[in-house]
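These notes are about the structure you will find just below.
The values are calculated or read from the model by the stated rules, or taken from the named source; none is laboratory data. The structure displayed is predicted, hence computed values, not measured ones. The area values use the complete protein model at the heavy-atom level, side chains included, leaving out ligands, DNA and RNA. Shrake-Rupley method; radii C 1.70, N 1.55, O 1.52, S 1.80 Å.
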Amino acid sequence: MSILQDIVTALEAKNGENIITLDLKNKGSLADAFILATGNSEVHMKTLTDAAEEVLIRAGRKCKVEGGESSNWRLLDAGDIVVHVFSHKGREFYRLERLWEE
């Protein structure tokens with residue numbers, strides 16, 4: 001199983017919603033892949049962020065967590081993989097899926 005699938009599985013196990021993976025390899029992006037997930041509350045967003053971070057750490061990947069105080073968006077930057085965890089409001093506001101589809 002790939003690290004991307006491991007992260008998705010961990011997010012699903014913690015009841016993350018609307019989980020998608022965007023392949024950005026040919027988009028000229030700084031990352032090869034984005035994983036997006038939605039949480040129902042700040043506590044749920046932290047749980048999802050912690051689950052994704054645990055997978056990255058187990059895989060020997062260093063990552064930086066940003067937005068720990070935000071109620072709308074948390075980000076884990078592991079270089080070529082970036083995990084975005086949103087509130088419902090944040091997901092609608094940032095609309096990263098639409099941005100990268102274009």
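Which of these values of Cα Rg over 2.2 N^0.38 Å was calculated from the structure shown: (1) 1.82; (2) 2.93; (3) 0.97?
Of the listed options (1) 1.82; (2) 2.93; (3) 0.97, (3) comes from this structure.
Check residue 73: other-chain or 5+ apart residues with amide H under 5 Å from its amide H, H built from backbone geometry?
Those lying under 5 Å, H to H, from residue 73 are 87.
In the chain, what percentage of the DSSP-assigned beta bridges are antiparallel, given to the nearest 5? Before the final figure, lay out the partial values.
On the way: 13 of 19 bridges.
If I count the DSSP bridges inside the chain, around 70 percent turn out antiparallel.
With the other protein chains left in place, how much accessible area per residue, in square angstrom, belongs to the chain at a 1.4 angstrom probe?
Per residue, the chain has 59 Å² of solvent-accessible surface.
Please give the Cα centre distance for segment 25-43 versus segment 76-102, rounded to the nearest Å.
4
Report, to the nearest whole %, how much of the accessible area of the chain belongs to carbon and sulfur atoms, 1.4 Å probe, protein only.
Numbers: 2970 of 6030 Å².
That share works out to 49 percent.
For residue 46, list the lysines whose Cα falls under 19 Å from its own Cα; do not include residues on the same chain fewer than 8 positions away.
Cα-Cα hits under 19 Å: 14, 62, 64, 89.
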